[in-house]
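Data block below; observations after.
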Amino acid sequence: MMRRTTLLTSCTALALAFGATACGGGPVSAGGGKALSGQTVTVAGVWTGSEQKNFQKVLDAFTAKTGAKTQFISTGDNVSTVVGSKIEGGNAPDVVMVPQVGVLQQFAQKGWLKPLSAATGKSVDAGYAPVWKKYGSVGGTLYGLYFKAAHKSTVWYSPDALAQAGVKPPKTYDEMLKAGHTVSDSGLAAFSVAGQDGWTLTDWFENIYLSQAGPAKYDALAAHKLKWTDASVVKALGTLGKLFKDRQLIAGGQKEALNTDFPGSVEKVFGPKPAAGMVYEGDFVAGVAHDQFGKSIGKDANFFPFPPVDGGKAPVVSGGDAAVVLKDGKNTKAGMKLLEYLATPEAAAVWAKAGGFLSPNRKLDLSSYSDDVTRATAKSLVDAGDSVRFDMSDQAPAAFGGTKGAGEWKLLQDFLRDPSDPQGTAAKLEAAAAKAYQD
């Protein structure tokens, strides 16, 4: 399936000057020194380009620490299919970086995974909010270590655009729409919306729903224990629909939004010919703004937290990549040692130095990050603790929550095209969800 995290995080963020590194993480348990010399750990994941290059720096640090060699295999978007075929062919990797809760659960239910070691579990208990252990566990057993995270409750803006409109970062959702109208009156649309990529629309919905309906209903809807026809869903769709149907708020209106992909939505705010003052998406927006358009993060591009809706709490929606160990790998013991290393702040600091990375490990010193904006984003994610909620569509079966042109992605694109019937859209979402969860 097409993975949103792949699409999102493939944008590198901020290769800026690096300050102090984090300390922490002693020798890898039972594998310190060069005890793993002569052994090779194969690691599969979705990363390519600069993400793969930066992760290789982490793997190289593991090699320097233990003597084990590593080999990275890029799976492309469809991790489940690629890994399944490798297992069937007797060529299973030792470790897989899984970018979706639903896929981790699928792997565990198929009996493909080894429970993580006690040493890794101890590091998770000490360094991570319990919610991350929950998302890495199936049936009470810890199978996945969340190494890389995304903060998907950030609204990015051009400081110049807001300053020219006399607008300050808003504190509530209603204030954000009001500020958007002020920005529009000054000559730019308020928001650039990437409607061509259905996953961005699910993220809009999830932030509104988590704040408006609360975490308990969010969890129930994510598990399909609450139907999509519930009044809380209809209400959230109605709130989102007010934005979608307002031509002052969306650059080019609904039609142009449906023809704008994620990188294009960032370009409309931070590119050479700005068409909007703000773009909602995760922390990875900074990577596109910096790497593709040369923006100085914190000066030319900044963010404010996705604001609370209707008196609820400000949402913190996240995504992430979890490391798992396959039973059928040729060197699972060394693979388990790699996860013990990845669980340390020392390992996280390597990628934090390189940029384009957030860690859910609260033991990672924030000074490890290379700039103030990334540092603030990471602090917001870690400080949210157990109130963090994993991307809802990433928790769903792929047929509903993660397939281009189908399920939730398509239905929210249809809703962007015509947001006049939230109740009808909720009914269609429920029908699609019921089929996907049954299958």
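The values are calculated or read from the model by the stated rules, or taken from the named source; none is laboratory data. Only a predicted model underlies this, so the values are computations on that prediction, with no experimental measurement involved. Glycine gets a Cβ as well: all are built from the backbone with ideal geometry, and neighbour counts include every protein chain shown.
Checked against (1) more than 20 Å from PRO307 (Cα to Cα); (2) at pLDDT 95 or above, ARG247 meets all criteria but (2).
A count restricted to the stretch 391-402 and to residues that are more than 18 Å from PHE262 (Cβ to Cβ), in contact (Cβ under 8 Å) with a residue 40 or more places away in the chain and either crowded, with 24+ Cβ neighbours inside 10 Å or of a type in the set (Val, Ile, Thr) (or both) stands at 1. The residues of the stretch 348-390 that are crowded, with 21+ Cβ neighbours inside 10 Å and of a type in the set (Ser, Thr, Tyr), listed by number, are SER359, SER368, TYR369, SER370, THR374, THR377. Of the candidates GLY424, GLY405, the single residue that is modelled with pLDDT under 95, in the same structural domain as ASP291 (by TED's automatic domain parsing), surrounded by fewer than 21 Cβ atoms within 10 Å (Cβ to Cβ) and farther than 23 Å from TYR146 by Cβ is GLY405. Looking only at residues in the stretch 273-292 that are among the hydrophobic types (A, V, I, L, M, F, W, C) and in a loop (DSSP other than H, G, I, E, B), the one that is surrounded by the most Cβ atoms within 10 Å (Cβ to Cβ) is PHE284. Looking across the stretch 268-300, the residues that are closer than 14 Å to SER158 by Cβ and under 20 Å from the mean Cα position of the chain (by Cα) come down to MET278, VAL279, TYR280, VAL285, ALA286, VAL288, ALA289, HIS290, ILE297.
Out of the stretch 370-418, which residues are among the β-branched types (Val, Ile, Thr) and outside any helix (DSSP H, G or I)?
First, the residues of the stretch 370-418 that are among the β-branched types (Val, Ile, Thr): 373-374, 377, 382, 388, 403.
Result: VAL388, THR403.
Residues in the stretch 225-239: is at least one out of contact with any Phe, Trp or Tyr (no Cβ under 6 Å at 6 or more places or on another chain), of a type in the set (Gly, Ala, Ser), outside any helix (DSSP H, G or I) and surrounded by fewer than 18 Cβ atoms within 10 Å (Cβ to Cβ)?
Going through the stretch 225-239, the residues out of contact with any Phe, Trp or Tyr (no Cβ under 6 Å at 6 or more places or on another chain) turn out to be 225-235, 237-239.
Within this subset, residues satisfying the condition of being of a type in the set (Gly, Ala, Ser) are 231-232, 238.
Imposing the further condition that a residue be outside any helix (DSSP H, G or I) reduces the set to none.
No - not one qualifying residue is present in the stretch 225-239.
The residue that is nearest to the chain's Cα centre (by Cα), counting only those in the stretch 240-254 that are assigned to a helix (DSSP H, G or I) and touching a residue at least 40 places away in the same chain (Cβ under 8 Å), is LEU240.
Which of the residues belonging to the stretch 81-99 are under 20 Å from LEU116 (Cβ atoms) and either part of a loop (DSSP other than H, G, I, E, B) or small (Gly, Ala, Ser) (or both)?
Of all residues in the stretch 81-99, those under 20 Å from LEU116 (Cβ atoms) come to 83, 87, 92-99.
Across the stretch 81-99, the qualifying residues are ALA92, PRO93, ASP94, PRO99.
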